[in-house]
Amino acid sequence: MAFPDPRPLRLLVIRYRFIGDTVLAIPFLRNLRHAFPAATIDVLAEPGSGATLLRCPYKNELLYFAPRLKGAARKKSPYPTTLLDCARQLRARRYDRVYILRRSFSSAILPLLAGIPHRVGFATEGRRWLLQRSTPYPDKHEVECFLDILRADGIPVDDGHNENWSDPVTDRRVAAHLPPNGRRRIFICAKSVFRPKDWAADRFSELVRWLIAERNCEIHFCDSPGNAPYYLEIMSGVPETLRSHCHDWSTELNIADVSSLFRFIDVAIGIDTGLLHIAASFHVPVIALFGPLEPWRWHPWDTEHTILRPGDLSGPQPLLRITVADVQAAADRQFAKLPSAR
């Protein structure tokens with residue numbers, strides 16, 4: 001088959017669930033669009049994480065699937081919540097091909113139920129017989145694993161560079177609220193839904209105090225409203241005199257609009273979560289605290305980054321073996337590479 005393929009095919013990309021994985025699919029989508037410039041390319045995602053692709057120019061439409069909702073939220077959902085309901089909606093769209101950027105058995109059953117004739121994905125979870133073409137899931141970065149799915153279908157991969165987009169109107173709104181004081185802007189990502197990935201609120205408090213008082217920084221947060229108590233705990237350890245240099249955007253910017261904030265950030269520091277992957281997609285230097293997940297597979301992609309990871313990963317919170325001094329030293333090394341002032 002010759003590429004670029006001019007046929008107006010209908011293609012589906014399945015990448016629902018985590019924010020970080022969804023952001024890491026951007027190089028895949030770009031290469032897929034280059035190969036099929038006239039195709040309709042839709043992405044099936046979850047309502048929260050899918051918003052990170054809202055302004056991606058390589059897709060046509062975002063479709064939502066919400067399989068993790070429970071109880072009343074499930075009943076009220078405007079999106080399909082079961083495989084059968086989702087399959088019915090997909091079947092009506094008559095896709096020619098599907099690329100499955102997930103490894104679960106159910107994510108391979110879904111396009112089969114939807115009647116999509118050409119299915120490509122990872123040969124994991126005993127699902128190879130459900131796919132027309134497949135590839136192993138090797139021990140390398142997730143972006144490269146995604147690109148292997150294209151290669152398995154004979155599609156050329158031009159490059160894997162990272163990129164992202166924001167809304168110019170939101171860019172201006174964020175810029176208007178940034179103090180013009182010349183301080184470095186540091187994004188702090190402090191909380192995960194997975195407890196073994198967490199550090200400690202009191203250590204973030206100490207880090208924030210040091211960044212403001214000793215390194216002339218402003219601190220920015222923007223996280224799920226459900227994590228608000230944790231950030232309040234962090235702020236309780238910051239003296240009142242320093243709190244004016246801390247800005248919490250959590251109630252002002254949603255997951256799609258946080259992209260605008262990253263256009264103005266100098267360094268992002270925090271635990272391994274999707275927000276750091278969004279920062280990396282805007283080429284913000286990242287200092288990431290890693291626990292149980294493998295940094296060679298999940299590190300910030302295509303941007304300068306420092307990984308801090310304890311040698312001993314045993315126990316419920318292995319990141320507690322990383323000291324505040326460890327993070328301060330990494331920050332100083334990164335600050336030395338930045339311009340002296342804004």
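The values are calculated or read from the model by the stated rules, or taken from the named source; none is laboratory data. Just so it is clear, the model here is predicted, and its values are computed rather than measured. Virtual Cβ from ideal backbone geometry, glycine too; neighbours counted across all protein chains shown. Quick note on the areas: whole protein, heavy atoms, side chains included, nothing else; ligands and nucleic acids left out. Shrake-Rupley method; radii C 1.70, N 1.55, O 1.52, S 1.80 Å.
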Does Ile234 fit the bill of being within 24 Å of Arg321 (Cβ to Cβ), in contact with a Phe, Trp or Tyr (Cβ under 9 Å, 6 or more places away or on another chain) and not in a loop (DSSP other than H, G, I, E, B)?
-> yes
Any residue in the stretch 199-220 that is open to solvent by 30 Å² or more (accessible area, probe 1.4 Å) and among the β-branched types (Val, Ile, Thr)?
-> no
Taking Arg103, is it touching a residue at least 12 places away in the same chain (Cβ under 8 Å), assigned to a helix (DSSP H, G or I), of a type in the set (D, E, K, R) and open to solvent by 40 Å² or more (accessible area, probe 1.4 Å)?
-> no
Is it true that some residue in the stretch 108-131 is out of contact with any Ser or Thr (no Cβ under 7 Å at 6 or more places or on another chain), modelled with pLDDT under 95 and open to solvent by 40 Å² or more (accessible area, probe 1.4 Å)?
-> yes
Starting from the stretch 68-93, keep only residues that are open to solvent by 50 Å² or more (accessible area, probe 1.4 Å), then list their pairs with residues that are among the basic types (Lys, Arg) whose Cβ atoms are within a distance under 8 Å, requiring at least 6 positions of separation or different chains.
-> Arg68/Arg17; Arg93/Arg10
Can you spot a residue in the stretch 40-53 that is of a type outside the set (Asp, Glu), at pLDDT below 95 and farther than 30 Å from Trp296 by Cβ?
-> yes
Residues that are in a loop (DSSP other than H, G, I, E, B) and within 27 Å of Pro78 (Cβ to Cβ), drawn from the stretch 1-23 = Arg15, Tyr16, Arg17, Phe18
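So that you can scan it fast, the table gives a plain yes or no per residue for (1) open to solvent by less than 40 Å² (accessible area, probe 1.4 Å); (2) of a type outside the set (Val, Ile, Thr); (3) farther than 30 Å from Ile109 by Cα:
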{"residue": "Tyr137", "(1), (2), (3)": "no, yes, no"}
{"residue": "Ile149", "(1), (2), (3)": "yes, no, no"}
{"residue": "His161", "(1), (2), (3)": "no, yes, yes"}
{"residue": "Leu178", "(1), (2), (3)": "yes, yes, yes"}
{"residue": "Gly182", "(1), (2), (3)": "yes, yes, yes"}
Which numbered condition trips up Tyr58, out of (1) under 19 Å from the mean Cα position of the chain (by Cα); (2) open to solvent by 30 Å² or more (accessible area, probe 1.4 Å); (3) modelled with pLDDT under 95?
-> (3)
Hey, Pro292 hits all of (1) in a loop (DSSP other than H, G, I, E, B); (2) over 19 Å from Ser49 (Cβ atoms); (3) at pLDDT 95 or above but one; which does it fall short on?
-> (3)
